[in-house]
Amino acid sequence: MERIFVSYIDRGMIIAIDGPLASGKGTLARALAAHFSLPHLDTGSLYRAVAHNMMREGYKFNNTAAAADIARHLNINGIIDADLRTAEVGAGASVVAAMPEVRKALFDFQRKFAANPKGAVLDGRDIGTVICPDADFKFFITARPEIRAERRLKELHAAGDNITLEELTKQIEERDYRDANRADAPLKPTETSIILDTSDMGIDEVIQKAVGIIDGTNK
Ligand code: DC
């Protein structure tokens with residue numbers, strides 16, 4: 001408790017949120033950022049932007065040299081959020097995210113964002129383990145794979161992607177495996193992470209629970 005109290009005096013509150021695809025971590029991150037008036041970084045969008053640039057420039061996703069170069073000079077001009085949310089870009093992001101050169105190139109930007117004196121909310125896969133190991137709160141958000149596939153299917157169908165539930169479940173299993181088993185910064189909770197399984201919870205319930213945990217610890 002004392003460490004948390006001291007850290008509030010030294011700098012703003014840092015909230016790290018990690019979890020697999022469609023676990024609800026992005027929604028929770030945005031809600032906590034709004035609730036506590038903190039800047040928010042969706043770090044997955046950086047990896048997605050690398051993959052999107054590779055597609056735009058005609059590279060295969062497994063081209064490590066090109067991916068590292070793109071990550072070092074990341075150009076987000078002209079990319080809108082919808083461009084980054086497609087299943088193809090997501091799959092590419094998972095491939096480039098396994099490359100240590102790409103992770104290294106994106107590290108400083110994320111660290112600087114977290115060092116904002118106001119504090120920050122970051123969501124991703126390695127925020128609690130690598131980017132912000134000293135975060136005041138580390139949440140690990142998860143949900144059963146079939147629930148995550150159904151959630152993501154709704155989003156993709158709404159965006160005009162006709163992928164089937166079967167195909168999407170297969171893609172999610174592949175991505176989960178790649179994200180959790182890569183050598184560099186695999187997805188995993190830390191010893192102090194607060195693990196929330198959102199399978200049977202509505203998003204409002206998840207938000208209330210996380211706010212309650214933060215407020216409760218803060219009193
Ligand atoms: O959260 P997302 O689906 O937008 O992330 C896209 C990919 O980027 C995901 O497969 C894993 C990777 N990623 C990562 O390795 N580390 C992060 N901090 C964020 C995302």
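The values are calculated or read from the model by the stated rules, or taken from the named source; none is laboratory data. What you see is a predicted model, and the numbers here were worked out from it, not measured in a lab. Virtual Cβ from ideal backbone geometry, glycine too; neighbours counted across all protein chains shown. What goes into the accessible areas is simple: the full protein's heavy atoms, side chains included, and nothing from ligands, DNA or RNA. Shrake-Rupley method; radii C 1.70, N 1.55, O 1.52, S 1.80 Å.
Is it true that some residue in segment 148-163 is in a loop (DSSP other than H, G, I, E, B), touching a strand residue (DSSP E or B) at 6+ places or on another chain (Cβ under 6 Å) and within 16 Å of the ligand (Cβ to nearest atom)?
No; the residues of segment 148-163 include none that is in a loop (DSSP other than H, G, I, E, B), touching a strand residue (DSSP E or B) at 6+ places or on another chain (Cβ under 6 Å) and within 16 Å of the ligand (Cβ to nearest atom).
For every residue, the table says whether it meets (1) more than 20 Å from the chain's Cα centre (by Cα); (2) free of Cβ contacts under 8 Å to residues at least 24 places away in the same chain.
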residue	(1), (2)
HIS157	yes, yes
ASP161	yes, no
THR164	yes, yes
GLU167	yes, yes
GLU173	no, no
THR192	no, no
LEU196	no, no
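Check whether at least one residue in segment 107-124 is within 18 Å of ALA210 (Cβ to Cβ) and assigned to a loop (DSSP other than H, G, I, E, B), and report yes or no.
So far as segment 107-124 goes, no, none of its residues is within 18 Å of ALA210 (Cβ to Cβ) and assigned to a loop (DSSP other than H, G, I, E, B).
Could you list, ordered by first residue, the pairs with Cβ atoms under 6 Å in which the first is in segment 82-102 and of a type in the set (D, E, K, R) and the second is in a helix (DSSP H, G or I), at least 6 apart or interchain?
Pairs that qualify, where the first residue is of a type in the set (D, E, K, R) and the partner is in a helix (DSSP H, G or I), are ASP83/HIS52; GLU101/ALA68.
What do you reckon, is ARG103 within 24 Å of THR192 (Cα to Cα), assigned to a helix (DSSP H, G or I) and either within 10 Å of the ligand (Cβ to nearest atom) or touching a His at 6+ places or on another chain (Cβ under 8 Å) (or both)?
For ARG103, the condition - within 24 Å of THR192 (Cα to Cα), assigned to a helix (DSSP H, G or I) and either within 10 Å of the ligand (Cβ to nearest atom) or touching a His at 6+ places or on another chain (Cβ under 8 Å) (or both) - is met.
Is segment 130-144 home to any residue that is closer than 20 Å to LYS25 by Cβ, under 18 Å from the mean Cα position of the chain (by Cα), near the ligand (Cβ under 10 Å from one of its atoms) and in a loop (DSSP other than H, G, I, E, B)?
No, there is no match, as no residue in segment 130-144 is closer than 20 Å to LYS25 by Cβ, under 18 Å from the mean Cα position of the chain (by Cα), near the ligand (Cβ under 10 Å from one of its atoms) and in a loop (DSSP other than H, G, I, E, B).
With ARG111, ARG125, ARG103 as the choices, which residue is more than 26 Å from ARG152 (Cβ to Cβ), among the basic types (Lys, Arg) and under 15 Å from the mean Cα position of the chain (by Cα)?
Result of the check over ARG111, ARG125, ARG103: ARG111.
Could you tell me whether ALA33 is over 25 Å from GLY216 (Cβ atoms), part of a helix (DSSP H, G or I) and modelled with pLDDT of 90 or more?
Spelling it out, it is not the case that ALA33 is over 25 Å from GLY216 (Cβ atoms), part of a helix (DSSP H, G or I) and modelled with pLDDT of 90 or more.
Matching residues to (1) farther than 23 Å from PRO133 by Cα; (2) open to solvent by 10 Å² or more (accessible area, probe 1.4 Å):
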residue: PRO39; (1), (2): no, yes
residue: TYR59; (1), (2): yes, yes
residue: ALA71; (1), (2): no, no
residue: ASP83; (1), (2): yes, yes
residue: ALA87; (1), (2): yes, yes
residue: GLY90; (1), (2): yes, no
